[in-house]
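The values are calculated or read from the model by the stated rules, or taken from the named source; none is laboratory data. The structure presented is a predicted model; accordingly, all values stated were derived computationally and were not measured. Don't worry about glycine lacking a Cβ; one is built from the backbone with ideal geometry, like all the others, and counts go over all protein chains shown.
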Amino acid sequence: MNDMLVRELMQREVLVVSPETPLVDVHRLFVEEEINGAPVVDEGSGKVVGVISSLDLLRAVRDEYDSVSTISGSYFRDELPGSDPNWNDAPADFAERMATLTAADAMVKERVWVPSDMSVADAAEVMRSQRIHRVLVIDDHELVGILTTFDLLQVLAAQRHARKTATGGRAAGDPVC
């Protein structure tokens, strides 16, 4: 992994959303494509203006819930352990208000990126130090790919497989049964 460059491992086909994409559509994309985040790209300029993740979606729902519940009181049943939300008591406009939120409302504007000629080990350190699960790969101000923790795990799994093959089926650290 120390000698491998980001360009050798990054995903080149990056799913993006625009700032105007409704959050419900962002959520649908995440579920359908089985991803947890995407760059937010301005359609006019083609520039990355932010990043949105599943956690950002959850925060947006929580923030909207908090803003509605402080206005109209709690709309959960008696706050007993194990009680479920009583959505029948939710303010009527909650769903309508959620439908108006867009990627721009929930995205993180701070973008962490690396160049494609950076070592994968250095990119992994950037991700670790920033506590993020994906990093944009940008060359000459253009999004050229994305590197995720799953990509890094793929490298580790391949290295382990190579060690197992070289040692006849067991790698250091394998459980002994």
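Miscellaneous remarks
- None of Ala92, Ala99 is aliphatic (A, V, I, L, M), at pLDDT below 95 and touching a helix residue (DSSP H, G or I) at 6+ places or on another chain (Cβ under 9 Å) except Ala99.
- The set of residues from segment 158-174 being at pLDDT 70 or above and under 21 Å from Met4 (Cβ atoms) comprises Ala158, Gln159, Arg160, His161, Ala162, Arg163, Lys164, Thr165, Ala166.
- Which listed residue, of Glu43, Glu32, is over 20 Å from His141 (Cα atoms) and surrounded by fewer than 20 Cβ atoms within 10 Å (Cβ to Cβ): Glu32
- Scanning segment 138-164 for residues that are assigned to a helix (DSSP H, G or I), of a type in the set (D, E, K, R) and over 12 Å from Met10 (Cα atoms) yields Arg160, Arg163, Lys164.
- Residue within segment 123-137 that is assigned to a strand (DSSP E or B), buried (at least 18 other Cβ atoms within 10 Å of the Cβ) and among the charged types (D, E, K, R) present: yes
Yes or no, residue by residue, for (1) part of a loop (DSSP other than H, G, I, E, B); (2) over 22 Å from Val112 (Cβ atoms); (3) touching a residue at least 12 places away in the same chain (Cβ under 8 Å); (4) touching an Asp or Glu at 6+ places or on another chain (Cβ under 8 Å):
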{"position": "Val14", "(1), (2), (3), (4)": "yes, no, yes, no"}
{"position": "Glu32", "(1), (2), (3), (4)": "no, yes, no, no"}
{"position": "Ile52", "(1), (2), (3), (4)": "no, no, yes, no"}
{"position": "Leu58", "(1), (2), (3), (4)": "no, no, no, no"}
{"position": "Arg62", "(1), (2), (3), (4)": "no, yes, no, no"}
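- Test for Ser83: is it modelled with pLDDT under 70 and of a type in the set (Ser, Thr, Tyr): yes
- Condition check for Thr149: modelled with pLDDT of 80 or more and among the hydroxyl-bearing types (Ser, Thr, Tyr): yes
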